[in-house]
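As C-alpha cells, the structure follows; a few thoughts come after it.
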Amino acid sequence: MYCFVGLGNPGRDYQNTRHNLGFMVLDRLAESWQERFRPGFGPYEFCGTAFAGEKVILAKPSTFMNRSGIAVDDLIKRYDVPVERLVVVCDDFNLTLGKVRLRLNGSAGGHQGLVSVIRFIRTEEFARLRLGIGLIPGADVVSYVLSRFSKSEKPAVTEMVQTGFETLAGLVEHGFEWAMNRYNR
C-alpha cells in the first residue's frame, strides 16, 4: 500500500496558489483514476484505489499547511502505512519553476508543512515529491507562496502537475528508483 499526501491549504481562498501544488497533483491523480475525495476519519479528505496491483490512498489535509503532520500521522497509523510507502507532495521555492524532484528522505528545507510532518511522525525518512515554484529575489516568502501563478507561468505549472502525476503513477508501477531516474531533472 502507498499513501500519497498532497500538502496545501483548504478553502477557496487558497485554490490555485503556489502552496497548493500538492493538492493539484493529487486532484490530477484522482481525476485520472476516476476517484473522488471524501471526508476522512481524521482531518483530511481522501480516496483510495487499486493501481498496478497496489492499493493507493490519496489524501489532502484539512489542517492548513503548518499542521499537516496531524493528518499524516493519523493516516499512517489508521491505515498501517509503512513510512517507506508514504510520499508527501509539496511546493518548493528552492527549486526553479517547473522543476520536479523525488527524494527518499531529507530535511524540511524550510517548508513548514514538511516541518509539521517530520515533527508528528518523528522521522525525516519518508519520500517527498517537491515541485518547484522558484522565489523572486527579495520577495516575502509567505506572501509569495500564498500567491497565484501568473498567466505566463500557467503552462509550466500545467506541465509540472502532469509530471508530478506521471512520477507518482510510475513510482507505483516501477518503484522509487525508476521514478527518480526518469523524472528528476
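Charge tally for Val87 (other residues, Cβ to Cβ under 13 Å; Lys, Arg +1; Asp, Glu -1): +2.
In summary, the aspartates and glutamates within cross-link reach of Lys154, defined as a Cα separation below 17 angstrom excluding same-chain residues under 8 places away, comprise Asp27, Asp91, Asp92.
Structure shown: which of Lys77/Lys99; Lys99/Lys151; Lys55/Lys77 lie over 25 Å apart, alpha-carbon to alpha-carbon?
With Cα atoms farther than 25 Å apart: Lys77/Lys99.
Take the Cβ atoms of Asn184 and Ser147, set R0 to 22 Å, and the FRET efficiency comes out at 0.25. Converting phi to 3J(HN,Hα) with the Karplus coefficients 6.51, -1.76 and 1.60 and the offset θ = phi - 60°, segment 139-151 yields 6, 6, 4, 4, 4, 5, 5, 8, 8, 8, 6, 6, 4 Hz in sequence order, with x at every glycine or proline. Of the DSSP H helices in the chain, those with a Cα length along their own long axis of 27 Å or more and a mean Kyte-Doolittle hydropathy reaching 0.0 comprise 154-174.
In a DSSP loop and with at most 10 other Cβ atoms within 10 Å, the chymotrypsin sites (Phe, Trp or Tyr not before Pro) in segment 3-101 are Phe41.
With a Förster radius of 22 Å applied to the C-beta separation of Glu173 and Arg38, the computed FRET efficiency comes to 0.30. Orientation-averaged projection of the chain equals 9.6 nm² [convex hull of Cα atoms, one quarter of hull surface area]. Roughly how many whole Å is it from the C-alpha centroid of segment 160-185 to that of segment 85-100? Spelled out, the Cα-based centre of one part sits 12 Å from the other.
None of the figures in this text is laboratory data; all of them are computed from the coordinates on show. Being a predicted model, the structure only gives us computed values, none of them experimental. Quick reminder, even Gly has a Cβ in these numbers, built from the backbone with ideal geometry, and neighbours come from all protein chains shown.
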